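S.K.: Got a structure for you, written out below as structure tokens; questions coming shortly.
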Amino acid sequence: MRSFAEATTVTALREGAYSTALDREWSIGNNPHGGYMMALLTKAALTTAERPHPLVVSAHFLRSPEIGEVELHAELIKRGRMFSTVRSSLVQGGKTCVEATVSAGEITDAAHEWEAAPQPPIKPLEECDGHRPPVDGGLLGHLDLRLDPQSTALLRGDTAEDTEVRGWMQLTDGTDFDPLSLIVAVDMLPPTVFGLGHSGWCPTVELTYQLRALPAPGPIAGYTRCDAVSTDGWFNEDADVYDSRGRLVAQSRQLALSGNALKAR
């Protein structure tokens, strides 16, 4: 099995262009995972900007590429004193599949000056349930994902006090999450709309990731929630990720389409 570092290796072709391959092991079924593709685009952007950390990444998913060779194009838009901005795209067969804008800079490991609230409650890792989707192998072979019992009840359709999905995550190769792999983590918990009677693949249209702190070693805890589902299937999904110190390290918001809406069309 290829580690995350191996699966996100990019090779320079020329200025602003890199080659890589979408790895089946970092996909769900035949669909390359959105967070994984964002991480590849971000890797190219950080290399181009010569900055260590992705402060914010906003990606639009235009079409789903196939497993295999792709090119990453990165264009430096602004080089600033505090951060640089890069526009990057994932191209396969001459077609752009994902576009992203990355603001790259550097953050310290200092504690937050202010936080609105402490980490929300979650059951201890050892009391949480291992989760595997219907599709075997792939991305879930690289992640030890354990859902809070409240979340597994919600996904079974049982009555729950709230619709938030929460769970612990660890990389199975023993490495710790870093600012790049956190992009995968914010998009890893099961869609919250599963607890509302929806099912199937829920494609992401746009996802914005924000790095809030450098993660400490150890497992991370993720929390996702949805504010509304439209009658035609559009829904938001917001995620917060905390490290082993209980520090907020990443956040995201995405717009996605319910699998039920896709089946009806």
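S.K.: Any idea what Rg and Dmax come out to for the range 58-159 if you just take the C-alpha atoms, in Å?
M.R.: Cα only, the range 58-159: 20.0, 52 Å (Rg, Dmax).
S.K.: Over the Cα atoms of the chain, what is the Rg over Rh ratio if Rh follows Kirkwood?
M.R.: On the way: Rg = 17.9 Å, Rh = 18.8 Å.
Using Cα coordinates only, the ratio equals 0.95.
S.K.: Out of 228, 216, 199, whose Cα points farthest toward the positive end of the dipole of the range 197-240 (charges: +1 Lys, Arg; -1 Asp, Glu; placed on Cβ)?
M.R.: Farthest towards the positive end: 216.
S.K.: Select from the range 151-212 those GluC sites (Glu not before Pro) which occupy a DSSP coil region and have at most 15 other Cβ atoms within 10 Å, ordered by residue number. Walk me through the numbers on the way to the answer.
M.R.: Details: sites: 161, 164, 206; in loops: 161, 164.
Listed in order of number, the matching sites are 161.
S.K.: Please give me the summed charge of the neighbours of residue 199: other residues whose Cβ is under 14 Å from its Cβ, Lys and Arg +1, Asp and Glu -1.
M.R.: +2
S.K.: Next up: Which of the peptides 67-78, 143-154, 32-43 is most tightly packed, and how do the rest follow, judged by the mean count of other Cβ atoms within 10 Å per residue?
M.R.: Most protected by this proxy first, the peptides run 32-43, 143-154, 67-78.
S.K.: Could you look at the chain and say what percent of its accessible area is carbon and sulfur, using a 1.4 Å probe and all protein chains? Intermediate results must be reported in sequence, preceding the final value.
M.R.: Values: 6370 of 12480 Å².
Percent of accessible area from carbon and sulfur atoms in the chain: 51.
S.K.: Here is a further query. Compute the helix-to-body angle for 34-49: its Cα long axis versus the longest principal axis of the chain, expressed 0 to 90° and rounded to tens.
M.R.: With rounding to tens, the tilt is 30 degrees.
S.K.: So, one more: Compute the distribution of all C-alpha to C-alpha distances in the range 65-118, in bins of 5 Å from 0, and list the percent of pairs in each, rounded to whole numbers.
M.R.: Bins of 5 Å from zero give 4, 16, 17, 13, 13, 12, 11, 7, 5, 1 percent of pairs.
S.K.: Students often check this: by mean Cβ neighbours within 10 Å, which of 113-121, 194-202 ranks highest, and how do the rest follow?
M.R.: Working: 113-121: 8.8, 194-202: 16.7.
Taking the mean over residues of other Cβ atoms within 10 Å, the ranking is 194-202, 113-121.
S.K.: If you place +1 on the Cβ of every Lys and Arg, -1 on the Cβ of every Asp and Glu, and leave all else neutral, what size is the dipole of the chain about its Cα centre, to the nearest 20 Debye? Please report the intermediate quantities before stating the final value.
M.R.: Details: 23 positive and 35 negative charges, 142 e Å.
Dipole size: approximately 680 debye.
S.K.: With a point put 7 Å past each Cα toward its Cβ, work out how far residue 78 is from residue 201 in nm, to one decimal.
M.R.: Computed distance between label sites residue 78 and residue 201 equals 3.7 nm.
S.K.: Per residue, how much accessible area does the chain show when a 1.4 Å probe rolls over the protein heavy atoms, in square angstrom?
M.R.: Numbers: 12480 Å² over 265 residues.
Normalised by residue count, the accessible surface of the chain is 47 Å².
The values are calculated or read from the model by the stated rules, or taken from the named source; none is laboratory data. On a predicted model such as this, the values are computed, not experimentally measured, just so you know. Here the Cβ is made from the backbone with ideal geometry for all residues, glycine too, and neighbour counts use every protein chain on show. Each accessible area value is taken on the protein alone, full model and side chains, heavy atoms only, with ligands, DNA and RNA left out. Shrake-Rupley method; radii C 1.70, N 1.55, O 1.52, S 1.80 Å.
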